[in-house]
Amino acid sequence: MTFACRAALTVAAVLLTSSALTAQPAGQRTPPRMIQPGQQAPVGTAVLRGVVVAADTGAPIRRAQVRASAPGAQETRTTLTDEQGRFELRELAGGRYTITATKGGFITLQYGQRRPSEPGTPVDLAAGQTLEKLVVGLPRGSVITGRIVDEFGEPLTGAQVRVLRYGYAAGARRLLPAGQSDRTDDQGTFRVFGLPPGEYVVSATLNEDRGGAFRPRGGNADDEPATGYAPTYFPGTTNAGDAQRVTVGLGQEVSGIGFGLSLMPLAKVSGRVVGLAGLELAGMVMALPDDMVRQAMSPPRGAPVNADGTFELRGLAPGRYTLVVGGRGRRGGGEEPTGRASVAVSGVDLTGITIGLAPPAVVRGVVVTDTGAVGLRSAQVRVSFTPAQPAVADAFRNRGGGINSDFTFELGGITEPGYLRVTPPPGWFLKHILHDGRNVTDEPLVVEAGAQLTGVRVVLTQTASGVSGSVRDDRGNAVLDATVVVFPDDERQWVFQSRFIRTARPDTSGRFEIAGLPAGDDYRVVALQGLEDGQATDPVFLASLRERSERLSLAEGEAKALELRFRQ
């Protein structure tokens with residue numbers, strides 16, 4: 001992103017957010033309390049009021065969606081602005097709220113947000129408090145227009161066009177879809193709007209059948225053409241790394257982005273699914289592109305598994321794929337056996353691919369508290385399993401969810417090493433996860449296929465370590481648009497969704513809070529600006545922070561107060 005683009009959005013946000021936060025005197029936030037079984041959660045008593053306006057004119061924006069969310073309080077409310085652009089959210093519990101405003105044609109922003117791809121300023125709301133005169137100014141979105149043609153230079157109708165930008169996902173920097181997609185009209189033209197200023201990659205593909213084939217015209221499952229259109233990037237390359245960046249300023253329309261889709265050979269991939277004794281071979285084989293961009297641009301190709309275990313996938317464009325298969329078996333309990341295999345397609349048919357089915361592993365356990373306290377509701381706790389490799393996590397997502405009424409849980413469908421993750425209710429924190437007396441809280445579990453891992457104990461506590469404080473510049477003034485990053489010195493803990501890595505923004509009173517950090521004497525802490533969403537989990541970025549960060553230690557249950565100096 002260019003400096004001019006960052007500056008333009010910064011100005012637009014500062015003009016509208018540096019004013020107008022007037023509130024009653026802040027009270028003490030009500031601490032989370034235990035909810036007895038069968039007891040209803042109390043109705044909140046706090047109120048948020050404000051207005052959403054256009055950043056360039058100050059005119060009110062009608063029917064903008066305003067969402068206030070407080071993850072720490074598990075509270076989310078949504079409303080629409082009225083004819084004067086005003087909004088009101090009532091009956092809110094006390095907490096630190098992020099306020100987000102959305103309207104078609106405008107850039108979606110959080111209250112206090114000054115730069116693209118970074119969070120806004122949280123609003124600290126006490127029980128019974130009324131905060132009003134909140135102002136969220138939405139800049140008008142940028143627009144990219146152009147035309148997509150075929151190999152003969154004629155317009156392609158119905159081509160799907162997406163714009164992409166580099167961002168952080170699953171612990172690494174990747175090319176990710178941004179904004180809304182569009183489909184070309186009868187003249188092959190497209191218009192993607194509502195974009196923040198920045199640098200984009202424009203992509204297009206043509207999927208004329210619902211199965212996701214990259215074919216140019218007609219055909220059916222039994223009559224696949226030998227060639228088809230591959231995902232193509234401006235100015236006409238099939239390699240995203242060779243794509244030309246398109247830079248747009250705040251509220252700018254960039255036109256003339258035209259290119260032709262590339263025609264390339266399609267291939268068939270065939271083979272056999274090898275089952276287990278007593279397994280009825282049925283189901284589907286799905287070809288998932290390993291590239292996240294192609295996952296977003298095209299639906300996966302699928303084919304049925306025949307009674308003899310054979311399968312044939314057609315219409316696959318060149319690239320790497322993970323073949324995923326699930327069978328329906330007569331096996332009591334647990335989930336269905338699954339299998340997968342990786343293939344590289346280069347326009348030549350692949351045969352003889354073997355996918356072995358294996359029963360997924362199951363993890364069973366119970367959630368307890370360190371003091372045996374009662375009153376914690378099982379519906380408030382979630383336990384899940386996250387694959388250790390981010391690329392796998394992208395494709396297969398988390399396993400798990402809520403727990404049973406007796407606080408037991410069962411996680412099935414586990415086919416790769418991963419971590420147990422716990423989401424407790426407000427005021428509760430994960431102390432540790434034990435199995436056979438061993439602490440496995442921060443270790444990837446490696447479970448054999450079909451294994452039953454039992455006796456896992458998830459221990460929750462209300463005794464938490466954490467930090468709070470303020471960020472100040474060289475003159476001692478509070479810095480509201482900085483982000484505080486706490487991370488471990490041990491590189492082995494720099495993993496995706498690490499509980500040792502946390503970020504926080506100062507709220508409207510200039511204070512930040514990070515609760516629930518594991519105790520330890522090897523943390524580092526730093527305050528900086530321009531941190532992109534998800535960037536703090538990138539190991540390369542964390543390594544660059546070592547020299548500019550300060551050391552931090554936390555004892556069990558210690559709440560440490562910090563005054564950090566902002567570092568450019």
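Take the alpha-carbon centre of the stretch 360-382, take the same for the stretch 117-176, and report the distance between them in whole Å.
38 Å
For the stretch 539-547, what does the Karplus curve 6.51 cos²θ - 1.76 cosθ + 1.60, with θ = phi - 60°, yield as ³J(HN,Hα) per residue in whole Hz, taken in order and with x for Gly and Pro?
So the Karplus estimates, Gly and Pro as x, are x, 5, 5, 4, 4, 6, 8, 4, 6 Hz.
Can you compute log10 of I(q)/I(0) for the stretch 69-189 with the Debye formula, treating each Cα as one identical point scatterer, at q = 0.09, 0.13, 0.20 Å⁻¹?
-0.41, -0.73, -1.18
Based on the Cβ-Cβ distance of Leu545 and Gln252, what FRET efficiency does E = 1/(1 + (r/R0)^6) give at R0 = 51 Å, to the nearest 0.05? Write out the running numbers ahead of the final one.
Working: r = 33 Å, r/R0 = 0.65.
With R0 = 51 Å, the Cβ-Cβ based efficiency is 0.95.
Given R₀ = 25 Å, FRET efficiency for Ala59-Lys133 by Cβ-Cβ distance, to 0.05?
My answer for the efficiency is 0.90.
What's the extension gain from Arg438 to Asn404 if we count 0.36 nm per residue and subtract their Cα-Cα distance? Working shown, then result.
Working: separation 34, 0.36 × 34 = 12.24 nm, distance 2.39 nm.
Gain on stretching Arg438 to Asn404: 9.8 nm.
Take peptides 76-82, 107-113, 194-200 and line them up by average Cβ neighbours within 10 Å, highest first, as a rough protection proxy.
Averaged packing, sorted descending, gives the order 107-113, 194-200, 76-82.
Which value results for Rg/Rh of the stretch 232-272 when Rg is the Cα radius of gyration and Rh the Kirkwood radius based on the inverse mean 1/r?
1.23
Output the antiparallel fraction of DSSP beta bridges having both residues in the stretch 361-461, as a percent to the nearest 5.
Roughly 75 percent of the DSSP beta bridges within the stretch 361-461 come out antiparallel.
Gain in length, Arg49 to Gln84, computed as 0.36 nm per residue apart minus the alpha-carbon separation, to one decimal in nm?
Stretched fully, the Arg49-Gln84 segment lengthens by 11.3 nm.
Cut-off under 26 Å on the C-alpha distance; same-chain residues fewer than 8 positions from Lys103 excluded. Which lysines are left, in chain and number order?
Within reach: Lys133.
Values quoted throughout were computed directly from the atomic coordinates according to the rules given, and no laboratory measurement underlies them. Computed from a predicted structure; not experimentally measured. Here Cβ is always computed from backbone atoms with ideal geometry, including for glycine, and neighbour counts include all displayed protein chains.
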